[in-house]
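Comments concern the structure below.
The values are calculated or read from the model by the stated rules, or taken from the named source; none is laboratory data. In this text the structure is predicted, and so the values were computed from the model without any measurement. Note: ideal-geometry Cβ built from the backbone for every residue, glycine included; neighbour counts use all protein chains shown.
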Amino acid sequence: MQTRLASGKSLIELTTYDHVAMWWFVDFEFNDFLARQLGKSSPSEPARKGVSIARRAELLSRFLESFMLRLLPQTSKQSSSEAKYENRPPRILFTAQDLQWREIRNQQTGSVTKTDVFFDSILKRLAGRCEFVGVCLLPIPHPALLDLRIRAWQVFVDKWRKWPISQVPFERHFSTKVWRKTRDASSFFAGVWQNLLTDRVFREICDKGSLREAILSELEYYFHTAFPRATMSIEMSRQMIENLNPNLVLMLNEYGLFERSLIVAGKELGVPTLAIQHGMISSHHRGYIYSRDEVSPFGSVTTPYCPIPDRTAVYGPYYKRLLTEVSSYPEHTVVVTGAPSCDRMAHLNRTCSKRRFLESHKIEPNRRILLWTTQCHGMSTSENIENFEVVLEAMQHLDATTLVIKQHPGEGRKHTEMIKHFLAEYGVSAILTPGDSDLHEQLCACDLMISKDSTTIIEAVALGKPVIILNLSGDAVQDYVKEGIAVEVSGQGKLASVIRKLLVDDTRLAKNRRSFVVKYLYKIDGKATDRVVGLMAEMVGNRRTIGTRRTLLWSKRQNLVVERAAR
């Protein structure tokens, strides 16, 4: 993407709008697209078909949705005035993902409630000391995304009824100003695309034989749909931050379109951004791994740099080395805190027990529990079918063993029906738990866990459970096997024997768990939340006053001058 085209600019530079390179809003997506085309990955069918919607129809629906949301009662007691800003407690704006709205067991009472499981420990630790505002997203209004929209509204209403935390729909901040910005960006990128099609070097780069048409179609979608949509998201983020006036923006999944727009708006408006690691990071994860010329050492989000948060809290020292040495994150931006979501593990035995789990599901006490954490939404239909066949065939050869299937929160109704179909076909009686059920309770109860590359693997290891990596596709997965804390099964007919061996003796895996936890999770001491809260306090203390748009423009120009001088 840094190659100079006939125009004298790189593709990244040509995607610049309002000083920001929009390429970084699709970079992860484009790498995933190439991997699919080259057969190096096997995710589910790309969402391009059916998601693209006529520009005018989308903007009209945004207007109507914004108007409707503004009719709802205020979901937070925000004030944008600086006078009130000085007197109120720190306001933390955080990304409240629907997938994180799940069941969790209270450590003191043992009762089960629903909350944002990712941020729960932070919300509780700072209750009464900070004002939290969760920002939720509603999917693009389109028939192909009807299930997602229904779920989003269900979660929104559920939170409204049960959650003491304020929440604000992001779509509420669509306005005439946003519409004009999006319209202008659409015209601009349409013109850039037409010029690109006549660029000799660009045509040569795209001429990859049978992939040529697919590449051009993907890039055309970016210029006509994705880049204007990113522009819209940035402008909405600016308006939201100006309206809510937070002291800090807290997020996960910082390479998503919405999260990138929050980073850009936060940087421009002087509001610090903090991302907390939410899953495993590998040396080939394009959401985190960048070359030295792709990330600004000064923290700038102006082109050609990729917007990254002011601070990134990671689980362990391995991830800090990965981001600062393999990738190009500046050293001071990455802080090792441990995983706040794992703090419960330090006290899990107080609230969870295998006996209670067996009793609640009417399972005989002498049976072994196999926990399979599925990821159907991220796999092709053929890989899912092969996984079902291998796991359920193995269950037919295991005595006194019960299978618990924990669905990923991102799996839809079709995946649930698929699982039920194969259970009936193989005659296997299994416990199917939904995506919003308490994972830690199931991890605590299980004797062995099966997965592919889920974050649940590292949590199972932290709880001392043997793990099997079921990798029938041959994809590159995390280094769990190399670290000696998991056994990989990559062929049919082998799973049952591996399960039997590990249920009898997992000494070889157990001896590697302690060093693995130190390397990847730092400490399971129940204090990761404290370390993150300390980092938040430091960043809130350094928060600059939100500037005017004139100040913003001056700041952008100053950043460019300083960086050009440094280069």
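Before moving on, here are some points about what is shown:
- Meets criteria (of a type outside the set (Val, Ile, Thr), crowded, with 24+ Cβ neighbours inside 10 Å and more than 16 Å from Gly134 (Cα to Cα)) for Glu268: yes
- A count restricted to the stretch 313-340 and to residues that are among the polar types (S, T, N, Q) and out of contact with any helix residue (DSSP H, G or I) (no Cβ under 6 Å at 6 or more places or on another chain) stands at 3.
- All conditions but one from (1) assigned to a loop (DSSP other than H, G, I, E, B); (2) over 23 Å from the mean Cα position of the chain (by Cα); (3) at pLDDT 85 or above apply to Gly491; the one that does not is (3).
- Filtering the stretch 297-322 to residues that are under 15 Å from Leu521 (Cα atoms), outside any loop (DSSP other than H, G, I, E, B) and touching a residue at least 60 places away in the same chain (Cβ under 8 Å) leaves Ala313, Pro317, Tyr318, Tyr319.
- Lone unmet requirement of (1) modelled with pLDDT under 85; (2) more than 28 Å from Lys159 (Cα to Cα); (3) not acidic (Asp, Glu) for Ala424: (1)
Residues checked against (1) closer than 30 Å to Cys130 by Cβ; (2) at pLDDT 50 or above; (3) touching a Ser or Thr at 6+ places or on another chain (Cβ under 7 Å):
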residue	(1), (2), (3)
Asp525	yes, yes, no
Met536	yes, yes, no
Gly541	yes, yes, no
Arg549	yes, no, no
Ser555	yes, no, no
Asn559	yes, no, yes
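- For the stretch 101-128, the set of residues classified as within 20 Å of the chain's Cα centre (by Cα) and either at pLDDT below 90 or not in a helix (DSSP H, G or I) (or both) consists of Trp101, Arg102, Glu103, Ile104, Lys114, Thr115, Asp116, Val117, Phe118, Phe119, listed by residue number.
- Residue check for Lys519: surrounded by fewer than 17 Cβ atoms within 10 Å (Cβ to Cβ), modelled with pLDDT of 90 or more and over 23 Å from the mean Cα position of the chain (by Cα): no
- Taken over the stretch 154-180, the criterion of being of a type outside the set (A, V, I, L, M), free of Cβ contacts under 8 Å to residues at least 60 places away in the same chain and assigned to a helix (DSSP H, G or I) is satisfied by Gln154, Phe156, Asp158, Arg161, Lys162, Thr176, Arg180.
- Residue within the stretch 352-371 that is crowded, with 20+ Cβ neighbours inside 10 Å, in contact with a His (Cβ under 9 Å, 6 or more places away or on another chain), in the same structural domain as Thr456 (by TED's automatic domain parsing) and assigned to a strand (DSSP E or B) present: no
- Within the set Thr374, Thr402, the sole residue that is out of contact with any helix residue (DSSP H, G or I) (no Cβ under 8 Å at 6 or more places or on another chain), in the same structural domain as Leu470 (by TED's automatic domain parsing), under 26 Å from Val112 (Cα atoms) and crowded, with 18+ Cβ neighbours inside 10 Å turns out to be Thr402.
- Thr312 crowded, with 19+ Cβ neighbours inside 10 Å and modelled with pLDDT under 95: no
- Here Ser327 passes the criteria (1) modelled with pLDDT under 95; (2) within 26 Å of the chain's Cα centre (by Cα) except the one numbered (1).
- Positions within the stretch 257-294 being touching a residue at least 24 places away in the same chain (Cβ under 8 Å), closer than 28 Å to Asp120 by Cβ, of a type outside the set (A, V, I, L, M) and not in a helix (DSSP H, G or I), in sequence order: Pro272, Thr273, Gln277, His278, Gly279, Ser282, Gly287, Tyr288
- Against the numbered list (1) part of a helix (DSSP H, G or I); (2) in contact with a helix residue (DSSP H, G or I) (Cβ under 8 Å, 6 or more places away or on another chain); (3) closer than 21 Å to Arg102 by Cα; (4) not polar (S, T, N, Q), Glu411 comes up short only at (1).
- Yes/no for Ala35 being touching a Lys or Arg at 6+ places or on another chain (Cβ under 7 Å) and either at pLDDT 75 or above or part of a loop (DSSP other than H, G, I, E, B) (or both): no
- Residue in the stretch 248-256 that is in the same structural domain as Trp24 (by TED's automatic domain parsing), touching a residue at least 12 places away in the same chain (Cβ under 8 Å) and more than 23 Å from Ser341 (Cβ to Cβ) present: no
- Boolean, Ile234 is closer than 30 Å to Tyr480 by Cβ, crowded, with 20+ Cβ neighbours inside 10 Å and among the aliphatic types (A, V, I, L, M): no
- Test: residue in the stretch 197-218 that is in a helix (DSSP H, G or I), under 17 Å from Trp24 (Cβ atoms) and in contact with a Phe, Trp or Tyr (Cβ under 6 Å, 6 or more places away or on another chain): yes
- Listed by first and then second residue, the pairs with beta-carbon distance under 6 Å, at least 6 apart or on different chains, first residue in the stretch 337-353 and under 17 Å from Lys527 (Cα atoms) and among the hydroxyl-bearing types (Ser, Thr, Tyr), second in a helix (DSSP H, G or I) and modelled with pLDDT of 80 or more, are Thr337/Ala528; Thr337/Arg531; Thr337/Val532.
- When the residues of the stretch 385-408 are filtered to those that are within 22 Å of the chain's Cα centre (by Cα) and not in a strand (DSSP E or B), the one that is farthest from Gln100 (Cα to Cα) is Gln407.
- Residues of the stretch 1-32 satisfying the condition of being in a loop (DSSP other than H, G, I, E, B) and touching a strand residue (DSSP E or B) at 6+ places or on another chain (Cβ under 7 Å): Thr15
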